[in-house]
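The values are calculated or read from the model by the stated rules, or taken from the named source; none is laboratory data. Since this is a predicted model, take the numbers as computed values, not measurements. All Cβ positions, even for glycine, are placed from backbone atoms using ideal geometry, and neighbour counts span all protein chains on display.
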Amino acid sequence: MTKNKTELLYNQLSKTRSQIITSLLFITILGYFGFIGVIAFNPSFFGQMFQGLNISIGILLGFLLILLIFFVTLVYVYLANKKLQPLIEKIKND
């Protein structure tokens, strides 16, 4: 491949990577800031207990936040393997 073609592939790789990271970062920040916002402005909400369960809303939402981050990580790995890795291979083979 020519240098121009490699440069185009690299630019595409950089753009795709930025799009993936930006969207996943937004989801992560939204989850964390939402959680911290509730703690800051309405902490008694997290102290409420579910009816019939011996668990508070704060514990459950904290666990769901951990699951969200696990899910975001899985999505990143999937997208990196599906979209980024083929571009990296094309650049390496040049």
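A few notes on this one:
- Candidate set: the stretch 1-25, residues that are among the β-branched types (Val, Ile, Thr) and more than 17 Å from Thr73 (Cβ to Cβ); chosen: the one surrounded by the fewest Cβ atoms within 10 Å (Cβ to Cβ): Thr2
- Selection within the stretch 29-56: residues that are modelled with pLDDT of 90 or more and among the aromatic types (Phe, Trp, Tyr). The member of this set that is surrounded by the fewest Cβ atoms within 10 Å (Cβ to Cβ) is Phe41.
- When the residues of the stretch 10-28 are filtered to those that are among the hydroxyl-bearing types (Ser, Thr, Tyr) and closer than 19 Å to Lys82 by Cα, the one that is modelled with the lowest pLDDT is Tyr10.
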